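Everything on this sheet refers to the single structure shown next.
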Amino acid sequence: MVKKDASSSSPRPEGRRRARAAWRRRARLGVLAAALLLVLAACGGGPTAQAPSGSEAAPSEAAPVAGGTLTLAMTDEPDTLDPAHTVAGPSEGIFYFIYDTLVARTADGGFEGDLASDWSVSDDAKTWTFHLRPGLVFSNGDPLDADAVVFTFQRILDPATQAPSKGFLGPVESVEKVDDSTVVFHLAAPSALLLDNLAISYFGIVDPKAVQAEGDGYGRQPVGSGPFMLKEWATGDHITLVPNPNHKEFRSTVANKGRPYLDAVVFRIIPQVETQLAALESGEIDAALSVQGDKAELYQGKPGFQVVVNPASIGIEYIFFAMEKPASGESVYKPPFDDIRVRQAVGYALDVPGIIQAVLHGYAVRNCTPMPTGVFAYDPDLNQTYCYAQDTAKAGELLDAAGWTLGADGVRQKDGKPLHVEFWALDADKDVAQVIQSQLQAVGFQVDVKALDVATYVSTIGTSGMNLGLVNVGWSAPNILDIMATLGFGFGLYNRNGLPEALAKAGVTVDEAARRDAYVAAQKIILDDAAIIPLYSPEGISIASDKVMNFKFGPDSHITLPDVWLKR
Amino acid sequence: MGRYVLARIGVAVPTLVLVSFCVFLMLRLVPGDPVRLMFGMTPPPESEMALLRHELGLDEPLLAQYAAFLDRSLHGDLGVSYRSKEPVASMIADRLPRTLRLIGLSLVLAALLGLSFGILAALHSGRWPDLATSALAVVGVSIPQFWLGLMLILLFAVRLHWLPAAGSATPAHAVLPATTLALGNAAVLARVTRSAMVEILGQDFVRTAWAKGLPPARVVGVHVLKNVLIPFLTLAGLQLGDLLSGAFVVENVFGYAGIGQLGVYAMAQRDFPVTQGVVLLAATGYVLVNLVVDVLYGLVDPRIRYDA
């Protein structure tokens, strides 16, 4: 098609070749960057509501000064600000400030009324009645009454909405208005988890008029009653919130009952934590909301900065074993972990405190129970009783007893087959997985590590050759155990030793003490069978400039922004 | 000429259809269920996810899904994001101007740097400016963009406070990412400029020009440069596509809200309509640029003939 004079040199093939080589090079980098993003997405993903906590930041002595703009960095952009259309972590991170919920968590892990002044529950725990506070309005002045509450929940329950948060409402069948300030939740089955779920900002109350007026555009024009309201959403760049003049603060965990001190809060979207920290150092942002331990260590004690840690974790990192679940009956462990001694040997082989220090730079709490340290029914006694201290000799004895004898090459064998396991982990956990690999190999396992992005991991793990997996699950309520036991792979297929029944019982026990006992009993079932090897609860870390005052985590794992002020 | 262009467009359309099919298929072959991912670590019962898959049409046979997608795309409807429920076309339209600004700026930078260093090297062929330029070019081509980006941020944003580290709000925000994107391409352009120029400097007509006593600026600036521009323009044009792929890395390093950032995020979430839209756009851009380069080629070098 292109004909050239024979004498003219032909730059075309050379250009093509170079362009193609460069393309390949870029493509590889693209994969790398994508992987990095997935890790960040994994960190930012999922619910981030949080149980009781304090903060390590020293309370500020000086009187707060009003004014100024606080600029924060977040790794991922919210997909929508319509709570009926997402359960993404970044969206929840904004919902928390623009919406109010019926109830809120207190500092000691209980609940208090937020939009609701009080509530009552029927004896069968199937009918819950909430009384709204008088005179509530949305940021645009529309009334926040029983109609708005009913609209919010019926919209989520309506299958046509396709609300991904619908499942969290569990057995809720309908929400009904009794009078302008009273709503009733009707449940198909008793649930002790309703308050836990209603306190999460996926169930923030939305303005029906705004939803109807904006239609599909509501997700970019949200209207709530929270301490802040949306001023601007510059796609991919930033989201600006300003104080909501109509907000009334009822939560005991927020000290400032008046208007927030800040004139505006800007959430900048910066995917790479390294870039966030550069922006922090150059003064473009005032804080990076979520960073890893290795970064925090660099800023610990650095003049001009503060490292703020949320010690009460809602996450649990644990090792699980491949299982199969027949159509009926009990699920079974796949070899070689069908012998409890082999599972226990994994526990004894690992030096978890060493991993926390070396890989996580100390930013995690050793937790030997399935319940995260910051969640209801976390039991310190259980954490003592069931903890595996590293004991390689004991691990060896257990493996010997299970018939796995040490071969000349350092790999154990049984009936001529090596003790080979495929170990799956998320990219974000790769460093931890590699240490675990070497510690397991020291007692005679032969371990292949597969580190994968979140999407691939959760979608293919159930049908893979995986024997052993590492995962981190985060949830603010004790039904995190139900979540773990129904993930669909590994321990997520577990139905042995009466665990489903124990969890079901705990889920309908409303009395607090009895409920705690029921969850402890369920944890014992898991630990007695060595069904998982819990490792630690990771801590949330933010790094901020030291001119940001009162920068601390509230009971829901979010910074208590209404209390934050800027030193001039 | 006109017939040639028409024929090229005739080839471009099936190319784009093929690309769309490959992307469509690849997205669905890569592990990762978009519906499962919408729920993070806490999925609802399988029956509910199946319902959602049905609503999104993900339970239809692949070919039927593709036919529907193709039909909609041909009518200008790229679908709606699984996540934000926004129309894909408007999500892309929001971000495209910023990516174009980034690519345009880096193309200009790469051309200026490539041409200057290439000329410098050729004029001092075999001596130290040539060797230094060669060394620089090797470094420029080899440096990973995410690392280079971070180093530029450290120097110009953190140390010198000259430019912002991240974001895309103002034109100043495009400078560092565009530089990061430009350097690798500038290195390639410098090498091509140099080799083309060394070859041309040795030709008879250049010797004649020198012999006529023309001033050096005229010999180099007019007689030589005109001929260097042919390979230079070809390569610079082809690099546009290259810059677009580089934007996927660089936009993420700099938190620059363009279509690269959108594409990477959509892929991580397996938001198929958005990923398809972004890749389709990139492919269209690449095909168009190739077409324009081929046409320009003929205009710059009249010796080239087109037979459709």
Relative contact order of the range B:88-300, pairs being alpha-carbon contacts under 8 Å that are 6 or more residues apart, as %: 28
Separation in nanometres of the label points that stand 7 Å from Cα toward Cβ, at A:H420 and A:S252: 5.9
Computed [θ] at 222 nm, helices only, for the protein assembly as shown once each DSSP H run of length n ≥ 4 contributes -39500 (n - 2.57): -14500 deg cm²/dmol
For chain B: rounded, prolate or oblate by the Cα gyration tensor [a/c cutoff 1.5]: oblate
Estimated distance in nm for a label pair at A:A408 and B:A172, the labels positioned 7 Å out from Cα along Cα-to-Cβ: 7.1
Pairwise centroid distance, computed over Cα atoms, of the range B:1-74 with the range A:180-254, Å: 34
Selection from B:A178, B:A247, B:W210, by position along the positive dipole direction of the range B:88-300 (Cβ): B:W210
GluC sites (Glu not before Pro), loop per DSSP, at most 12 other Cβ atoms within 10 Å - longest free stretch of chain A: A:62-329
Cβ-Cβ FRET estimate between A:V332 and B:R3, R0 fixed at 56 Å, reported to 0.05: 0.20
Global form of the range B:218-308, assessed from the alpha-carbon gyration tensor, a/c cut-off 1.5: oblate
Chain B: angle of helix B:259-268 to the longest principal axis, Cα-based, in degrees nearest 10: 40
Cα-based reach from A:K567 at 13 Å (exclusive), listing aspartates and glutamates while leaving out same-chain residues under 8 positions away: A:E61, A:D286, A:D546
For A:K430, A:K567, order by how many other beta-carbon atoms lie within 10 Å, fewest first: A:K567, A:K430
Partner aspartates and glutamates for A:K450 [C-alpha distance under 13 Å; skip if fewer than 8 residues away on the same chain]: A:E422, A:D427, A:D429, A:D431
FRET efficiency, 1/(1 + (r/R0)^6) with R0 25 Å, evaluated for B:E60 and B:V11 via beta carbons: 0.20
Mean Cα-pair separation over length for chain A, i.e. relative contact order, pairs under 8 Å, 6 or more apart, %: 22
Exceeding the 20 Å Cα-Cα cut-off - candidates A:K166/B:K85; A:K126/A:K248; A:K257/A:K547; A:K334/A:K417; A:K126/A:K166: A:K126/A:K248; A:K257/A:K547
Within the range B:171-278: Cβ-based charge dipole about Cα centre, in debye rounded to nearest 20 (Lys, Arg +1; Asp, Glu -1): 480
Extreme residue, positive dipole direction of the protein assembly as shown, given options B:P273, A:A358, A:Q439 (C-beta unit charges): B:P273
In the range B:102-200, the trypsin sites (Lys or Arg not before Pro) that fall in loop regions by DSSP, at most 16 other Cβ within 10 Å: B:R127
Chain A: DSSP helices with Cα axial extent of at least 15 Å and average Kyte-Doolittle hydropathy no lower than -0.5: A:11-44, A:146-157, A:430-442, A:512-528
In degrees, nearest ten, helix B:88-123 long axis to first principal axis of chain B (Cα): 20
At R0 = 22 Å, FRET efficiency that the Cβ-Cβ distance of B:S47 and A:T460 yields, to 0.05: 0.55
Point-charge dipole on Cβ atoms (K/R +1, D/E -1) for chain B, about Cα centre, debye to 20: 1220
Sum of side-chain charges, A:T392 neighbourhood, beta-carbon under 14 Å (Lys, Arg +1; Asp, Glu -1): -2
Residue exposure sequence - A:I436, A:I98, B:I119 - by fewest surrounding Cβ within 10 Å: B:I119, A:I98, A:I436
Residues in the range A:131-153 that a label on A:D180 would reach, taking backbone N under 20 Å of a point 7 Å out along Cα→Cβ: A:131-152
Trypsin sites (Lys or Arg not before Pro) within the range B:207-236, DSSP loop, no more than 15 other Cβ atoms inside 10 Å: B:K212
Mean-position separation - Cα centroids, the range A:330-393 and the range A:453-518, in angstrom: 16
Sorted by Cβ neighbour density within 10 Å, fewest at the top, the residues A:W128, A:W404, A:W119, B:W128: B:W128, A:W119, A:W128, A:W404
Lys, Arg +1 and Asp, Glu -1 on Cβ, resulting dipole of chain A about Cα centre, debye, nearest 20: 2300
Tensor-based shape of chain A (alpha-carbon gyration tensor, a/c under 1.5 rounded, otherwise prolate or oblate): oblate
In the range A:185-237, the chymotrypsin sites (Phe, Trp or Tyr not before Pro) that fall in loop regions by DSSP, at most 12 other Cβ within 10 Å: none
Between 0 and 90°, nearest 10: helix B:62-74 axis offset from chain B longest Cα axis: 60
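Here, each number is a calculation from the coordinates, and none is a lab measurement. Keep in mind it's a predicted model, so treat the numbers as computed, not measured. Here the Cβ is made from the backbone with ideal geometry for all residues, glycine too, and neighbour counts use every protein chain on show.
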